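Heads up: the structure comes next, in structure tokens.
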Amino acid sequence: MPYSAINRLKELVDKSNNIVFFGGAGVSTESGIPDFRSVDGLYNTKYDYPPEEILSHTFFVNNPKEFYRFYFDKMIYTDKKPNACHLKLAKWEKDGKLSAVITQNIDGLHYDANSDNVFELHGSVRRNYCQKCGKFHHLNDILESAPNVPYCECGGIIKPDVVLYEEELDDYTIRKSIAHIRDCDLLIVGGTSLNVYPAAGLIGYSRAPIVIINKTITPYDKYAEVVVNQPIAEVFELL
């Protein structure tokens, strides 16, 4: 791990009082949750349909049984715990150094680490709503029906509050994320290839120094003041 890059990262963190963190799947893989595009990720598992098709709005509407069979098997990880990255971000927030966590992940681990100001761009598996009456259902409620389709007391099918393919990101979450990125004095981007849009496009709103921590190169590396190509939890253990 390049000493100079870590040293510079520490300097930026030390002098910053309005850090924003933008994270992706790599933040959670070190807690044991597989990502979507790695060699052993969800996009490379064998199933009756491609994951991209299963995780689409059309597929959910037309084939909820098969959707939930995949969803319960591949998308829910209730036994996983926050890692060094999640925990350090929560500490920074409590110390007044970090103003927001913006995440593409749907696992809720940032909340488990006791972060409060978290913007989940792609929703969360922990929130579920009846499509008929709108009633909220906790994750534990729908897990009782696994692997079958969960139904509300009113008879409606319950849908997880996650953004499926063909669905738009929540406007409020986008607007608040942009506002925090514009106002921050340091933007740390971690565990994401920055290839998924529109989420990746939010980085362009930053007027502050950008740090990128990712195991592989990203299209935004050339704009970053510091780039560290290492597992993010390992890096955060040094901060």
Condition check for Ile217: aliphatic (A, V, I, L, M) and within 18 Å of the chain's Cα centre (by Cα): no
The stretch 192-207, subset modelled with pLDDT of 95 or more and touching a Lys or Arg at 6+ places or on another chain (Cβ under 9 Å), residue surrounded by the fewest Cβ atoms within 10 Å (Cβ to Cβ): Arg207
Flag for Leu121 being open to solvent by less than 10 Å² (accessible area, probe 1.4 Å) and on the phi < 0 side of the Ramachandran plot: yes
Residue that is most open to solvent (accessible area, probe 1.4 Å) [pool: residues in the stretch 151-173 that are closer than 30 Å to Leu202 by Cα and in contact with a helix residue (DSSP H, G or I) (Cβ under 8 Å, 6 or more places away or on another chain)]: Glu166
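Would you point out the residue of the stretch 90-103, among those that are assigned to a helix (DSSP H, G or I) and touching a residue at least 24 places away in the same chain (Cβ under 8 Å), that is farthest from Asn18 (Cα to Cα)? Before you say what the answer is, go through the steps one by one.
As a first pass, look at the stretch 90-103 and keep what is assigned to a helix (DSSP H, G or I): 90-95.
With the extra rule that they be touching a residue at least 24 places away in the same chain (Cβ under 8 Å), the set shrinks to 90, 92-93.
Numbers: Ala90: 13, Trp92: 10, Glu93: 9 Å.
Taking the candidates together, the pick is Ala90.
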Asn148, sole failed condition from (1) open to solvent by 30 Å² or more (accessible area, probe 1.4 Å); (2) assigned to a loop (DSSP other than H, G, I, E, B); (3) closer than 27 Å to Ala84 by Cα: (3)
Subset of the stretch 50-89 [open to solvent by 30 Å² or more (accessible area, probe 1.4 Å) and part of a loop (DSSP other than H, G, I, E, B)]: Pro50, Asn63, Tyr77, Thr78, Asp79, Lys80, Lys81, Pro82
Given (1) open to solvent by 10 Å² or more (accessible area, probe 1.4 Å); (2) under 17 Å from His122 (Cα atoms), index of the condition Asp185 fails: (2)
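The values are calculated or read from the model by the stated rules, or taken from the named source; none is laboratory data. Keep in mind the model is a prediction, meaning the values are calculated, not measured. Cβ coordinates were reconstructed from backbone atoms using ideal geometry, including for glycine residues, and neighbour counts include every protein chain displayed. The protein model used for the area step is the full one, side chains on, heavy atoms only, and it has no ligands, DNA or RNA in it. Shrake-Rupley method; radii C 1.70, N 1.55, O 1.52, S 1.80 Å.
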